[in-house]
Amino acid sequence: MKVPFLVIGGGLSGLAAAIRVARFNPSVLLLEKHSRLGGLNSYFYRNKTLYETGLHAITNYAGPRDKKAPLNRLLRQLKLQRNDFTFCEQYHSEVVFMGCTSLRFSNDFNLFQSEISGKFPQTGDKLQKLLVFLGNYDPFVPMPFTSAKKFLLQILGDKLLADMILCPLMYYGSSQENDMDLSQFAIMFRAIYQEGMFRPLGTIKDVLDLLVAHLQTLGGETRTSCGVEKIVHHQGTAIGVQLSSGEEIECDYLLSTIGRDETMRLLDKTAATPMTGYGRLGFVETIYQVPEIEATHLACDKTIIFYNDGERFLYKNPEGLVDFASGVICFPGNFQGLERKDLREIRSTHLANYALWKALSANAEQYTAEKERTSRRSGRCLENIIGDFTTNIVYKNSFTPLTIERYTSKIGGAIYGNPTKTKDGTIGFNNLFLAGTDQGFLGIIGSMLSGVSIVNQHILPRL
Ligand SMILES: Cc1cc2nc3c(=O)[nH]c(=O)nc-3n(C[C@H](O)[C@H](O)[C@H](O)COP(=O)(O)OP(=O)(O)OC[C@H]3O[C@@H](n4cnc5c(N)ncnc54)[C@H](O)[C@@H]3O)c2cc1C
């Protein structure tokens, strides 16, 4: 079998890339290892109820008239209509550094600015200087790594404020320990603070179904439960792939969205190319559900809370299984226009150590017991911030970095992949390119833009 254009990976970057190509050439086949599409942002069923795996909030909110905004550009590139979706904006979110102060932000950037000038009056016009810098800065021009942390400290002159600004940006988009590249900082600052957050009215399944239907209308195809075992190549050209079933598919162009080292493994190049990027970051997340009538006191006006209870904010691979000193608390039901359900969902996210969870998994009982302990301890941490809820939990489910590894094949279960990004999407082949998490744009909008931009840059000019 031969297909001109193959995509490996049915996450959001792979789907976006396949749609973008199919607009110009319908002979696109997307191969996904898992039985369901969506990758990190997928869904599962328990007790006949659908749960989203990873949707806290989508960044980069923009109104319909802001034609240049990344969200609207993405929709145009994919030929999707904005009114195919109903977007629900966040209420407001908050960065809470316990024992210090808090900063609220919403989709109106004025709120964040007034919180900073009210709570950090000594910064004077420094925030304005930062905004002027970001307004003139092009994060897409290739540059060597520049520490956003050092830059922020320099421009703001306040460690606490720098850490508070960085906390949400790191949790939602840094693959690096305790820092992020200035270009990634600029992208995330705009995505989270200047544009803001939203979610679709339905579930991620509705979004994925819509994307697949759109791809099929354009002539493209998807195949699930279809893992690529090997990329067949000769002298710098990818010839095709071999599936775990043994089937071989030839292609003219191949786009991999599964990660850089994960792709190298399929090329059998791991020996020649050492695994890059130490300090891959893992996370644990717990979903709690409590009856709505018991939840009326729980931060009903907030969508997401990013907290730190440590002396300094540390965003790094923890020494223990989990670092409870900081984390994210998400209320997926707290968006404008969503109806209250009978059950309120609360999600907690913390940094977690993959290697320790991996060692523990040799003993299934211990692993399960530790997951239970983690969800209890996380619940208690959350209660210090949002109020009591753990006595009313009716459903609970946790994942560890091993869960991520199992369902998405990400090395180290690292949601944000390799700390070293391959920004130009090339890995030494003339017809094989990299898109998605390891190309450099992170999150839902970021990974979709990555799929589109790599196709625009490397594939469309040759079609
Ligand atoms: C718990 C959690 C919460 C998150 N919350 C948010 C959020 O609120 N907002 C936000 O913007 N982002 C969020 N993210 C991040 C966001 O989901 C990801 O950045 C984005 O979905 C990455 O998409 P991707 O296509 O690059 O990678 P992936 O989603 O990892 O897709 C890669 C796909 O490749 C498949 N694959 C791997 N190996 C093979 C193979 N050999 N053959 C075939 N297929 C293969 C995998 O199964 C996977 O489906 C969250 C992620 C998680 C896990």
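Some notes on this structure:
- Tilt relative to the chain, helix 204-217 - C-alpha long axis, 0 to 90 degrees, to 10: 30
- Along the range 181-195 the Karplus relation, 6.51 cos²θ - 1.76 cosθ + 1.60 evaluated at θ = phi - 60°, assigns HN-Hα couplings of 5, 4, 5, 5, 4, 4, 5, 6, 4, 5, 4, 9, 8, 7, 9 Hz to successive residues, with x for each Gly and Pro.
- Between residue 137 and residue 125, the simple spin-label model (points 7 angstrom out along Cα→Cβ) gives 2.0 nm.
- Projected label points at residue 234 and residue 366, each 7 Å from Cα along the beta carbon direction, are separated by 5.0 nanometres.
- Percent of Cα pairs in the range 282-408 per distance bin of 10 Å, from zero to the largest separation: 12, 43, 32, 12, 1.
- By DSSP, the beta bridges lying fully in the chain are antiparallel in about 70 percent of cases.
- Cα-derived Rg to Rh of the range 112-195, Kirkwood definition: 0.93
- Three-way shape call for the range 382-431 based on the alpha-carbon gyration tensor, with the a/c threshold at 1.5: prolate
- For the chain, with +1 on Lys and Arg beta carbons and -1 on Asp and Glu, the positive-most of 235, 389, 133 along the dipole: 235
- Computed magnitude of the charge dipole of the range 224-373 (debye, nearest 20; Cβ of K, R +1, Cβ of D, E -1): 380
- Each peptide among 453-462, 79-88 gets the average number of other Cβ atoms lying within 10 Å of its residues, and from highest to lowest they stand as 453-462, 79-88.
- Simple spin-label estimate for residue 390 and residue 68 gives 4.9 nm between the two label positions (7 Å along the Cα-to-Cβ direction from each Cα).
- For peptides 251-261, 428-438, sequence by mean Cβ density within 10 Å, most packed first: 251-261, 428-438
- Mean-position separation - Cα centroids, the range 430-449 and the range 136-153, in angstrom: 19
- Folded to 0 to 90 degrees: helix 126-136 orientation relative to the chain principal axis, Cα: 20
- For the chain, the longest principal axis of the Cα atoms and the long axis of helix 443-454 meet at an angle of about 30 degrees.
- Isotropic mean projected area of the C-alpha convex hull, the chain (nm²): 21.7
- Overall form of the range 1-125 per C-alpha gyration tensor (a/c, 1.5; a/b vs b/c): prolate
All of the numbers you see were taken from the coordinates with simple rules; none came from a lab. Only a predicted model underlies this, so the values are computations on that prediction, with no experimental measurement involved. Please note: Cβ atoms are built from the backbone with ideal geometry, for glycine as well, and neighbour counts cover all protein chains shown.
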